[in-house]
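Notes follow once the structure below has been shown.
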Amino acid sequence: MKKSILLSALALLVCLCACAQPKAQTEEQQNEPSKVYFTKDISPESLLKIYKALGVEAKGRVAVKISTGEGGNNHYLKPTLIRKLVEDVNGTIVECNTAYAGSRNTIEEHWKTIHEHGFDSIFTVDLMDEYGDIRIPVQDDKHIKYDIVGDHIANYDFMINLAHFKGHAMGGFGGVLKNQSIGVASSAGKAYVHSAGVTDSPDEVWGKIAEQDDFIESMASAAQAVADYFKGNIIYINVMNNMSVDCDCDGHPAKPMLKDMGILASTDPVALDQACLDKVFTHTSAEGDDEKPLIERINRQHGTYITDYAEQIGLGSKKYTLIEIDN
């Protein structure tokens, strides 16, 4: 009798454990396109609205990763635009120092630029590599064997990757993948990615710049490392305004030739950057609204390759469904 009861209890326990296991996704579910949300309105209210549309609550200690913009550059995302979102999630603006001469390559100069651009007047701001950096694992070690990021990354439970989508002299374009790789890397980490794992010295890197595709692959690997670090507690937003062919890291950027398009957001960084690329590449030019200079910059640097490679290593999918939230 006791043996029968024991066996029954054991069978019930096995059943409960089996029921508690998450169901494996079907092949059809795995192949479903990622959702990318879109609004044409670029405003504080719409930025908050598109975050809410994702249905993922930023919990705990929230890092909001942006570019604070090089001194002399006026294209970066302004504090007034992002204020409602940052306040809603009780977020901290996070940045890291650069690996090139300019107004953000030292702690002192970077803080000065942050102040001049108005960020610390409104938000709590954290230079994540101000006191050092750490190495985090990478899945794809084709070039880089780890990712070097500001050690304050350990202070956060959740990240909002809030990127300004525009051109870039070296990557072709900058969106959430660049913002998560080069952007979250410390100055040493930036050198390590730009050299595709050859050096982590900012003083040496510009003589050891990697072949273009190796650099792009290293960026994708570093972006994946940060995604893995946060274990899914991360969301992605691209703001498509002031789309110069030059990045916010350029103190003298070219005038944008392409008109503002809107804000896009997703839980999939690959789908999000791909959706933004598609908007640029399928745009029909008009007087005062010309996509060709940005496309030329992207193609010159083989910039579209980053979504190809990021998909290949499993960071996300290029397949997406665009969901407009304006109606």
* Asked: Counting every Cα pair in segment 193-327, what percent are over 25 Å apart?
  -> 34
* Asked: If you average the sequence gap of Cα pairs under 8 Å that are 6 or more apart and divide by the length of the chain, what percent do you get for the contact order?
  -> 23
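Expressed in nm to one decimal, what extension gain is obtained for the pair D203 and T284 from 0.36 nm per residue of sequence separation less their Cα-Cα distance?
24.9 nm
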* Asked: Listed highest first by mean packing, meaning other Cβ atoms within 10 Å per residue, what order do 271-281, 223-233 come in?
  -> 271-281, 223-233
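How much length would be gained if the chain were fully extended between N233 and S121, taking 0.36 nm per residue of separation minus their Cα-Cα distance, in nm to one decimal?
Values: separation 112, 0.36 × 112 = 40.32 nm, distance 2.74 nm.
Roughly 37.6 nm would be gained on extension.
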* Asked: Can you run phi through the Karplus equation (6.51, -1.76, 1.60; θ = phi - 60°) for segment 100-111 and list ³J(HN,Hα) in whole Hz, with x for Gly and Pro?
  -> 9, 5, x, 9, 9, 8, 10, 4, 4, 5, 5, 4
* Given charges at beta-carbon only (K, R positive; D, E negative), |dipole| of segment 217-327 in Debye -> 180
* Structure fact -> For A254 and E108, extending 7 Å from Cα along the Cα-Cβ vector and measuring point to point gives, in nm, a value of 3.6
* Whole-Hz couplings from phi, Karplus 6.51/-1.76/1.60, listed for segment 71-77; x for Gly and Pro -> x, x, 8, 10, 9, 4, 5
* Please identify, among I182, I114, I216, the residue showing maximal mean-square fluctuation in a Gaussian network model of the chain using a 10 angstrom Cα cutoff. => I114
* If you roll a 1.4 Å probe over the chain with all protein chains in place, what percent of the accessible area is carbon or sulfur? -> 50
* Find which of F173, N241, I82 sits farthest along the positive direction of the dipole of the chain, computed with +1 on the beta-carbon of Lys and Arg, -1 on that of Asp and Glu, about the Cα centre. => I82
* Of (1) 16.2; (2) 22.4; (3) 20.2, which one was derived for mean projected area of the Cα convex hull in nm² from the structure shown? -> (3)
* Structure fact -> Per the C-alpha gyration tensor (a ≥ b ≥ c, the square roots of its eigenvalues), segment 40-181 is rounded if a/c is under 1.5, else prolate if a/b beats b/c, else oblate; here it's rounded
* Be a star and scan segment 129-160 for residues whose amide nitrogen sits under 13 Å from the point 7 Å along the Cα-to-Cβ vector of D213. => none
* In bins 5 Å wide, starting from 0, what share of all Cα pairs of segment 203-279 does each bin hold, as a percent? -> 3, 12, 14, 19, 21, 18, 10, 3
* In whole angstrom, how far apart do the alpha carbon centroids of segment 251-327 and segment 41-105 sit? -> 19
* Fully extended contour minus Cα-Cα distance, from R300 to N74, at 0.36 nm per residue -> 78.9 nm
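Rounding to the nearest 20 debye, state how big the charge dipole of the chain is about its Cα centre with +1 on each Lys and Arg Cβ and -1 on each Asp and Glu Cβ. List each step's numbers first, then the result.
Values: 31 positive and 47 negative charges, 229 e Å.
Its charge dipole is roughly 1100 debye.
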* Structure fact -> Residue by residue through segment 158-174, the couplings from Karplus 6.51 cos²θ - 1.76 cosθ + 1.60 with θ = phi - 60°, in Hz, x for Gly and Pro, are 8, 10, 9, 8, 10, 10, 9, 7, 6, x, 7, 4, 9, x, x, 8, x
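Leaving out ligands and nucleic acids, note down the accessible area per residue over segment 247-327 with a 1.4 angstrom probe, in whole Å².
Each residue of segment 247-327 exposes 48 Å² on average to a 1.4 Å probe.
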* Asked: Counting only residues 5 or more places away or on other chains, whose amide H sits under 5 Å from the amide H of I323 once H atoms are built in the peptide plane?
  -> V36, Y37, F38
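The values are calculated or read from the model by the stated rules, or taken from the named source; none is laboratory data. Values in this document were obtained by computation on a predicted structure and should not be read as measured data. Using ideal geometry, Cβ is built from the backbone for each residue, glycine included, and neighbour counts are taken over all protein chains shown. The area values use the complete protein model at the heavy-atom level, side chains included, leaving out ligands, DNA and RNA. Shrake-Rupley method; radii C 1.70, N 1.55, O 1.52, S 1.80 Å.
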